[in-house]
Each structure stands twice: as structure tokens, then as C-alpha cells.
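Engineer: Dropping a structure here in C-alpha cells format, bear with me for questions.
The values are calculated or read from the model by the stated rules, or taken from the named source; none is laboratory data. These figures come from a predicted structure and were not determined experimentally. Here Cβ is always computed from backbone atoms with ideal geometry, including for glycine, and neighbour counts include all displayed protein chains. Side chains are part of the model used for accessible areas, which takes the heavy atoms of the whole protein and leaves out ligands, DNA and RNA. Shrake-Rupley method; radii C 1.70, N 1.55, O 1.52, S 1.80 Å.
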Amino acid sequence: MEFVYFVEANALSLMLGLWLALTVKKEGSLRASNQIFFRMAICTTIVLALEAACSLVNGRPEKSFYIANIILNAVRLILAAYASQIWLLYTLHFLRPKQTLPKRIRKMIFIPFVIVSAFVALSTFTRWVFYVDKYTNLYTRGKFCFIHMIATYGYFGSASSFALIKMFGGKCRSNKMCCTNFLVFVLMPIISGIVTLINPYLNIIWIFLLISLFLIFTRVQFAQIVKDGLTGVNNRNCFDNYLYSISADKPFSACLFMMDINFFKDINDSFGHPEGDQALEQTAKIISQIFKDENCMIARYGGDEFAVLTVSPEPLKKVNTNAESLRLALYKAFAEYNSSTSKPYELTLSVGYAYMIGRGETDAQQLIRASDIDLYNEKQRIHRSNYS
């Protein structure tokens with residue numbers, strides 16, 4: 001009965017792994033994150049398939065099964081070490097999405113895999129890591145099997161440690177989606193490792209890892225629905241849904257900031273679209289910093305335009321006062337950025353806002369129109385001051 005459960009669990013996991021790998025490959029194999037995720041899904045799926053194959057040939061007396069048992073287990077152990085290395089690389093990529101991992105670090109990460117692979121390959125003759133009894137055809141761990149375990153769980157442990165450091169020391173504490181992904185990186189390897197230590201022959205880590213990959217995949221897919229791919233803030237669809245959700249059932253007291261980058265077309269035309277993309281990313285970063293303590297929704301509204309919706313229980317007059325101070329804080333932050341950067345252009349912003357106590361979609365649309373009008377007036381004021 002236990003064997004039947006093992007086969008069923010592996011079969012379901014294999015189907016899930018193949019689906020993940022094919023879906024990621026179809027959706028964008030050129031992206032670095034997709035390439036690493038694809039390799040991880042494929043490796044984990046193959047390891048599960050090899051485990052199932054090993055369980056089928058293990059203990060069968062025929063010579064062909066004996067040879068197959070040796071080859072399958074050697075490949076399985078090598079691929080397991082490789083998959084754990086890919087897990088660490090993906091974790092580091094997730095923690096440092098804008099940074100390329102130095103070659104020196106990549107080589108250092110690769111070294112334990114090479115050493116373990118050599119030990120496993122030699123074990124077909126030396127019995128260091130594993131061996132298969134010639135008479136019973138039963139797989140048995142060798143006296144140096146701990147080398148493979150140290151390398152494999154060392155990769156997982158390193159990934160978990162980096163994720164924990166980032167979670168408690170970085171900016172992800174306020175981001176639920178980010179924290180969920182970090183918890184997947186941390187908890188799944190640790191839980192499966194503890195289970196394996198309690199029962200070494202209950203090797204469920206690869207099933208756990210496929211579940212982890214599925215959770216990460218669903219979170220990434222959800223992020224693509226609600227997040228702007230370039231700046232990382234919410235997208236227009238997410239903003240619209242949030243605005244109408246707060247105005248649908250009850251009165252709201254809100255202030256809407258509409259802002260766009262001054263002379264953004266000139267930046268694109270003079271310095272190229274990659275520089276324009278950097279300007280958008282920097283703008284989102286500064287806006288997020290200014291509004292980090294506010295109860296608000298930050299979104300890229302479209303093109304070079306951003307929107308911030310703050311919802312407040314405060315009286316209308318106090319909301320207005322706070323809004324003006326936030327507008328001035330934004331102007332100051334961009335001025336400080338321009339004075340500290342060596343960019344060949346100034347990055348500036350026009351900010352308009354409107355505030356109201358309202359209810360329903362009609363009032364929400366009126367709030368958007370009012371803030372747009374204030375933004376237009378502010379741009380005209382800045383334009384006149386630049387040419388006066």
C-alpha cells in the first residue's frame with residue numbers, strides 16, 4: 001500500500017513538474033529568471049522520475065535490473081545535487097533581480113556540485129556514496145554518503161539563510177507577496193530536510209520542491225496581473241479596481257495625486273529609450289519612498305504618468321494640508337536626486353491632486369478629473385516658470 005501511495009504522489013508531482021516547465025518555456029524562455037526556473041522544474045521532475053524508476057528496479061534479481069539500479073541511482077544523485085544548486089541560484093536571482101551574479105560567485109557555487117558528482121561517479125566502483133548489493137540488488141548508502149547530503153542540503157540551507165536575511169533585513173516586510181515567496185524559499189527545504197533527517201528513506205524533498213515551484217509560479221503570475229513590469233509598482237488595472245472597490249459600498253475620504261515626468265519625450269529622444277526606462281524606474285522609486293508611511297495605492301497610470309491614491313479617515317481640510325506637504329516633499333526629493341546624480345538631464349515631476357468625500361463610481365471619476373485638472377494647471381505653472 002505504501003508503494004502505491006508513493007507511485008501516486010510521484011505521478012501527480014511529475015505531471016505538475018512537466019506542466020510548470022512547459023508553461024514557463026512557452027511564456028518566455030529568453031528571460032533569465034524563466035531560464036533558471038525552467039531548469040529547476042525540469043531537474044526536479046527528472047529526479048522524481050528517476051526515484052520512481054529506481055524503486056521499480058530495486059531488489060529485482062535479474063542482472064539487467066542490477067546494472068540499471070546502479071546507473072539510475074548515480075544519475076539521480078548527481079542530478080539531485082545539480083537541482084539543489086539551481087535552487088540556490090534562483091533564490092539569489094530572486095533576491096537580486098537587477099544585479100548579475102559575479103562569475104567568481106557562480107564558480108564557487110558550482111564547485112561543491114563538481115566534487116559531489118565525482119564522488120558519486122566513482123562510487124560505482126568504490127562504494128563511497130552508494131552501492132547496490134550484487135546478490136540482492138538493493139540500494140545502500142555508502143560510508144561517505146554524508147558528502148552528498150552536506151552538498152545538497154548545504155545549497156538549500158544557503159538559499160534559506162539568504163532568504164531569511166533578506167526577509168528580516170530588507171524592504172520585503174511590507175510586501176505580502178514578497179514575504180510569501182521568501183517563506184517558500186525558506187520553509188519548504190527546511191521542513192522536507194527535517195522529515196528526511198527523521199526518516200532518511202522517506203525522501204519527500206523533491207515533491208516539496210515541486211509544490212514550492214508551483215506556489216512561486218502562481219505568485220509570479222499574479223504579480224504580472226497587478227504589477228507594472230518595469231517599475232514594480234501597481235499597474236493601471238490594479239489601480240482602477242482598488243479605486244472602485246473603496247468607493248462602491250461606503251463613503252470614502254480620499255486624496256488622489258496624478259503626476260507625470262516633465263519633458264519625458266525629450267529624455268527618450270535625446271538619450272534613448274533605455275535611459276527613459278531608467279527615468280521611469282527612478283521616478284517610481286522616489287514616489288514610493290515619499291509615500292512609504294501613507295495608507296495608499298501607488299500605480300503607474302500609463303506612459304510617464306503615475307497615480308497615488310491615499311485613503312484617510314481625517315477631515316477634508318486636514319487631508320488637503322497633508323496633500324500639499326506631500327507634493328512639496330516630492331519636489332524636494334527630485335531636486336535632491338538631481339543634485340546628487342551625474343545624469344545629463346534633470347528628472348522632474350509635475351504633481352496635481354484633488355480630494356473629496358464621496359461615494360460610488362461617479363464620485364470616483366470626478367476625483368480623477370479633478371486631480372487631472374490640477375495636474376494640468378501645475379504643468380502650466382512649471383512651464384511658465386521655466387521660460388520666464
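Engineer: Quick one: in segment 71-110, which of the residues that are open to solvent by 50 Å² or more (accessible area, probe 1.4 Å) and of a type in the set (K, R) is farthest from V132 (Cα to Cα)?
Structural biologist: That would be K98.
Engineer: Condition (residue is crowded, with 19+ Cβ neighbours inside 10 Å and in contact with a Pro (Cβ under 8 Å, 6 or more places away or on another chain)) applied to segment 55-65: is it met by at least one residue? Explain how you work it out, then say what you get.
Structural biologist: To start, the set of residues in segment 55-65 that are crowded, with 19+ Cβ neighbours inside 10 Å comprises 57.
Among the residues that remain, those that are also in contact with a Pro (Cβ under 8 Å, 6 or more places away or on another chain) are: none.
The answer is no, given that none of the residues of segment 55-65 is crowded, with 19+ Cβ neighbours inside 10 Å and in contact with a Pro (Cβ under 8 Å, 6 or more places away or on another chain).
Engineer: Step by step: first the residues of segment 358-384, then only those that are touching an Asp or Glu at 6+ places or on another chain (Cβ under 9 Å) and charged (D, E, K, R), then the one that is modelled with the lowest pLDDT. Which residue is that?
Structural biologist: Selected residue: R359.
Engineer: Keeping to segment 240-278, report how many residues are surrounded by 18 or more Cβ atoms within 10 Å (Cβ to Cβ) and either under 23 Å from the mean Cα position of the chain (by Cα) or free of Cβ contacts under 8 Å to residues at least 40 places away in the same chain (or both).
Structural biologist: 1
Engineer: A follow-up question, please. Here are some conditions: (1) touching a residue at least 60 places away in the same chain (Cβ under 8 Å); (2) under 19 Å from A159 (Cβ atoms). K134 meets all but one. Which one does it not meet?
Structural biologist: If we test K134 against (1) touching a residue at least 60 places away in the same chain (Cβ under 8 Å); (2) under 19 Å from A159 (Cβ atoms), just (2) comes out false.
Engineer: Which strands (runs of 3 or more DSSP E) sit wholly inside segment 280-380 and have at least 3 residues that are open to solvent by 20 Å² or more (accessible area, probe 1.4 Å) and either in contact (Cβ under 8 Å) with a residue 24 or more places away in the chain or not aromatic (F, W, Y) (or both)?
Structural biologist: On the way: elements: 296-302, 305-311, 349-358.
Qualifying strands (runs of 3 or more DSSP E): 296-302, 349-358.
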